[in-house]
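All remarks here apply to the structure that follows.
What follows is calculated from the coordinates using simple rules that are stated; it is not laboratory data. Just so it is clear, the structure is predicted and the values come from calculations on it, not from any experiment. Positions of Cβ are backbone-derived with ideal geometry, glycine not excepted, and every protein chain shown enters the neighbour counts.
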Amino acid sequence: MASENQCDSPRHPRRFSLAHQASCEAQKHAGLKRQNTQLHREQLQIPFQILQKLNDEGVELIWAADKGSIAFTSVLSSSSDLATFIREVVEAFASNNIHITHLETRQDKSEKGWDLLADCDATKEQLIAAAATLTKQHVELTKFALYKKDAVEEVPWFPRHISELDKCSRCITKYDPTTDPRHPGHGDDAYIARRQFLNDQALEYKHGDPIPLVDYTEEEHATWRAVYEKLRGLHESHTCEAYRRNFKMLEEAGVLTADRIPQIRDVNKYLQKKSGFILRPCSGLLSARDFLASLAFRVFQTTTYLRHGSKPHHSPEPDLIHELLGHVPMFADPLVAQLSQDIGLMSLGASDEQIQKLATVYWFIIEFGLCREGGRLKAIGAGLISAYGELVHACSDKPEHRDFDPAKTAVQKYEDDDYQPLYFVAQSIQDALYKLREYALSMVRPFAVIYDPFTRSVETICTISDLEPAFSRFRMEFSSTTYALDKLNINTSK
C-alpha cells in the first residue's frame, strides 16, 4: 500500500513527471498481475507439492487451458544423476500419454544438478497428472516450470486513428488544490472553482470539436505576463537557436505576446502550418502510454488552467504557461516535431517496461534536454525553458552533464524533489533524432508502425506486403520531387 501511495503522490514533489507516472503504471500493472496469479494459484485444484515448484507462467498456462491439447515447453531441474532424471521424466510423461517432441539437457548453474527442457503436447488433465506422478516419484525434483510454446505476447491496445485519442484523454495523476495542502492554490476557493471549470471543459472535448475559447481573467493574464517577461530575458543566453527563432516568429505573427494569453485555436492554426502539430485540451497529467500515443499523431495534450498567481515562476504540474512558452516554440521546429512524433510512434503497442524507458527518454530530452551551440550549453527542453530557476541551474557548471545516448538515458533515475543533478546533452537536435532512431531498432515489438499524414492514421507493418501503401505514397512524392527538379533544370538551362 505504501508504494501505491508513493506513486499517487511523491513525498516532497517539486514536479509531477511523465517518467514517474510511467514507473507507477508499470508497478501497478505488475502488482495486479501478481495478485491475479496468486488468486489462480489458490483456486487451482492441484496438489500443493506441484504448486510449490510451479512458476507463475505455468500457473496461468494451466488456468487458461481449455479441454483441448496445448503445446508447451517444460523446464525441470533435479539434483539427481542425469540418467535417472531423464528416465523418470520420460516415464512420467509417457504413462500419462504426453507426447514429447523435443528434449535436451544441460548442467544447472550450480553444476551440481541438471536442467531438462522438453517440448510437449498434452491436455490440462494429462499435464497435471504427469506433474503429480513426477513430484511423487522423483523426490530430487527442485523446479517444475511451464511455458506456452510459441507464445505471442499480448499487445496493449493503441489508437490507430487520430479520432481514437478520445480514448486517451483520462487524467491519471492530479496535484489537486482541493485536497493537497502543498498546492499553492490550496484554500483559494476562486482558483479551485476556476480550475474545475476549465478541466470540465477540457474533459468534454472530442476530436473534431472546435477548441473552446477561454475568457481568461486579468489575474491570469498578470501571471502569464510575469513569467513571460522574466523568461524573455534568458532566451538569448540560455535557449537554443531553434527556440529563439521560432519564438521570434510566433511574436511577429501575433500569436505570443506578453500582455495576453493566446487561445489554443490560434496556436493550432500557426503550428499546423509549421510542423503539423496541434494542441488538444486535457485536464491534467495523463498516463504515460496515452500521452506518448498522442505524440504519434502530432497531437500534444495540453492543460488549459494556469498555475497559482502566488508562485508564478514554478509549477510542479503541467499548466498552460509551460505548454505555450516551453513546448509550442519547439513544436514549431520540424526536427523537434519529428523527434517527438518518433517517441510517440515507438510507444504504440509497447510493453510497460518499454513505455517506462520511452517516458524517461522523453523526460530527459524533450522536457529537460540540453544541446551545445557555440561551445555553450543551451536548453531545448520545455521544462527548462519554462522554469527560470532550473533553466539557470541546468546551463551552469553545478549539475553533471552527459552526452545524450537514448539507451543509457532510458534507464537513468530522475529527480522529482529538486533540480536535476544530471542533464543529457545532444550535439544537436538532428543528432538526437538520429540516435533515437538507432535506439528504436533495438526495441523488440512484433510489428513496425508508419504514420500516414493524409488519413492521420498509423499503419501496422508485419509483412513486406503491409508496406505497399507507404511505398505508394513514397513513389508519388518522389515523382513530384523529380518533376520539380526537372522543371528547375529546364528553367536554368534557358
Shape category assigned to segment 364-494 from the gyration tensor of Cα positions, a/c cut at 1.5:
oblate
For segment 363-457 the GluC sites (Glu not before Pro) that pass both the DSSP coil test and the at-most-15 other-Cβ-within-10 Å test are 415
So what is the relative contact order for segment 46-148, in percent, with contacts set as C-alpha pairs under 8 Å and at least six apart?
46 percent
Please report, ordered by residue number, every helix of the chain (full DSSP H runs) that is 18 Å or longer along its axis going by C-alpha atoms and whose mean Kyte-Doolittle hydropathy reaches -1.0.
82-95, 124-137, 189-204, 334-347, 429-441, 468-493
Mind jotting down the distance between the C-alpha centroids of segment 123-172 and segment 390-416, whole Å?
38 Å
Can you give me the relative contact order of segment 162-446 as a percent, contacts being Cα pairs under 8 Å and 6 or more apart?
18 percent
Describe numerically, in nm with one decimal, the distance between label points set 7 Å from Cα along Cα→Cβ at residue 251 and at residue 430.
2.7 nm
Let's test the formula: R0 of 41 Å, r as the Cβ-Cβ distance of residue 186 and residue 259. What FRET efficiency results, to the nearest 0.05?
0.90
Describe numerically, in nm with one decimal, the distance between label points set 7 Å from Cα along Cα→Cβ at residue 447 and at residue 107.
4.6 nm
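Please work out the FRET efficiency for the pair residue 193 and residue 471, using the Cβ-Cβ distance as r and a Förster radius of 60 Å; give the result to the nearest 0.05. Each step should come with its number before you reach the end.
Details: r = 54 Å, r/R0 = 0.91.
Rounded to the nearest 0.05, the efficiency is 0.65.
Take each of the peptides 290-300, 333-343, 230-240, average the number of other beta-carbon atoms within 10 Å over its residues, and list them starting from the highest.
Numbers: 290-300: 24.6, 333-343: 21.1, 230-240: 16.5.
Top to bottom by mean Cβ count within 10 Å: 290-300, 333-343, 230-240.
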Neighbour net charge for residue 104 - beta-carbon separation under 15 angstrom, K R +1, D E -1:
-1
Protection proxy ranking of 137-145, 345-353 - average other beta-carbon atoms within 10 Å, highest first
345-353, 137-145
For segment 162-446, percent of DSSP beta bridges that are antiparallel (nearest 5) comes out at 35 percent
How much FRET efficiency would the formula 1/(1 + (r/R0)^6) give for residue 201 and residue 415, where r is the Cβ-Cβ distance and R0 is 30 Å, rounded to 0.05?
0.35
Work out the P(r) tail for segment 46-148: percent of alpha carbon pairs separated by more than 17 Å, whole number.
46 percent
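Compute the signed sum of charges (Lys and Arg +1, Asp and Glu -1) over the other residues within less than 13 Å, Cβ to Cβ, of residue 392.
Taking every Cβ under 13 Å from that of residue 392, the sum is +1.
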Going by average Cβ neighbours within 10 Å, how do the peptides 379-388, 241-250 rank, with the highest at the top?
379-388, 241-250
Separation of the residue 273 and residue 462 label points, Cα + 7 Å toward Cβ, nm:
4.3 nm
Once you have all Cα-Cα distances for the chain, histogram them in 10 Å bins from zero and send the whole-percent values.
4, 16, 23, 20, 14, 12, 8, 3, 0, 0
Relative contact order (percent, whole number), the chain, Cα cutoff 8 Å, 6+ residue spacing:
15 percent
